[in-house]
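Below is one structure; the comments refer to it alone.
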Amino acid sequence: MAVAARPQAPLALGQLPGAVTLSVRAFRCWLLAYRRTWRSSVWSSVLGLLFYLGAMGYGLGSLVDKNGTASLGGVPYVVFVAPAVLAVQAMNSGLSNALFPVFGGIHWNRTYIAARATVLRPIDIFRGHLMFITLRIAMNSACFVVLMAALGLIRSPWAVLLLPASVLTGFAFATPSAAWAVTLDNQTAMNYPIRFGAVPLMLFSGTFFPITQLPAWVRPLAYATPLWHGVALCRALSLGTVFASTGDAGSAAINAGYLVVLAALGLWWGSRAYRKRLYV
């Protein structure tokens, strides 16, 4: 009598690494590539900012200081503008590292496509790249904070919080930029956030002069921009006015909260956009 063969037990599959481990793997991919190209970023990260601060803070500032600095809170112009330049470079770092590299990961070097062929999920690719972008923002910001301290442009011990404040500013720009860039099929569109976004924001968000110098009807628009919140937060920490009164502390909390909400919205949008674009 023939005995029926027993069905074989299914092969046990190895357990996949956790989300944090997978995100770190994606981060290490970008870190490895940067180890080979970091020398090309020295100019934009350090030297370019030094010359820019010299031209605007000391060059233009020498003319501003001759006419009085009462509207600047009684501090020299270079002290007024330095923390704003810190916020601007954080914004630029977030945009530049989130727009073109994300688009290139789809269309040029196709890093995202190669990563998707592994166990990495779209959300892991997104988080890993954001970790690297955050690192680049932190590196650039740390260089500028050290430069500010070396030049004597910091007036408060609260400046120890300048690094996390500037990183938060850059991160708030990076998350929605990456979420938007991953959806693009035309590289021309990536110039729009810089040309029609970053440049006007730099000019009209309190970077080079107080917002109160703008016409009254324009000020609400400036107050609504994310860069103004980053500039105001960094300037308050650098000048030591962040806890000068209850109102100043509340304003700083609103500035930080605005940036946190914007970053959170970018994370939510990015998780959906990456899943839609990279899901196979």
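The values are calculated or read from the model by the stated rules, or taken from the named source; none is laboratory data. Because the structure is a prediction, the values reported are computed rather than measured. Positions of Cβ are backbone-derived with ideal geometry, glycine not excepted, and every protein chain shown enters the neighbour counts. Accessible surface areas use protein heavy atoms only, side chains included; no ligands, DNA or RNA. Shrake-Rupley method; radii C 1.70, N 1.55, O 1.52, S 1.80 Å.
In this simple spin-label approximation, residue 55 and residue 28 carry label points 7 Å from Cα along the Cα→Cβ vector, and these lie 4.2 nm apart.
Note on the chain: GNM, Cα springs under 10 Å; of 251, 62, 40, the largest mean-square fluctuation is that of 40. Does anyone have the angle between helix 77-98 and the longest principal axis of the chain? Alpha-carbon axes, 0 to 90°, nearest 10? Here the helix axis deviates by roughly 20 degrees. When the P(r) of the stretch 158-280 is calculated, the portion above 19 Å amounts to 55% of the C-alpha pairs. Along its principal axes, the stretch 158-203 has C-alpha extents of 43, 24, 10 angstrom, given from the largest down.
Each residue, residue 155 and residue 16, gets one label point 7 Å from its Cα in the Cβ direction; the gap between the two is 5.4 nm. Computed over every Cα-Cα pair of the stretch 44-155 and binned at 5 Å starting from 0, the pair-distance distribution P(r) comes out as 2, 11, 18, 16, 13, 10, 9, 7, 6, 4, 3, 1, 0 percent.
When only alpha carbons of the stretch 192-238 are considered, Rg and Dmax amount to 10.5, 32 Å. Show me the chymotrypsin sites (Phe, Trp or Tyr not before Pro) within the stretch 178-280 that DSSP assigns to loop and that have at most 15 other Cβ atoms within 10 Å of their Cβ. Passing both the DSSP loop test and the Cβ count: 217, 243, 279. The alpha-carbon atoms of the stretch 210-280 define a convex hull whose volume equals 106 cubic angstrom per residue. Does anyone have the angle between helix 162-181 and the longest principal axis of the chain? Alpha-carbon axes, 0 to 90°, nearest 10? It is inclined by approximately 50 degrees. For the chain, the alpha carbon convex hull comes to 174 Å³ per residue, rounded to a whole number.
Here the spin labels are modelled as points 7 Å beyond Cα on the Cα-Cβ line, and at residue 35 and residue 65 they lie 4.5 nm apart. Over the stretch 126-228, the pair-distance histogram of Cα-Cα distances with 10 Å bins from zero comes to 12, 33, 37, 16, 2 percent, rounded to whole numbers. With bins 10 Å wide beginning at 0, the percent of Cα pairs of the stretch 94-150 falling in each bin runs 22, 43, 21, 11, 3. For the chain, the longest principal axis of the alpha carbon atoms and the long axis of helix 246-278 meet at an angle near 30°. Taking 118, 241, 21 in turn, the Gaussian network model of the chain (Cα-Cα springs below 10 Å) assigns the largest fluctuation to 118.
Divide the volume of the convex hull around the Cα atoms of the stretch 23-84 by the residue count and you get 86 Å³ per residue. Rolling a 1.4 Å probe across all protein chains gives residue 127 an accessible area of roughly 110 Å².
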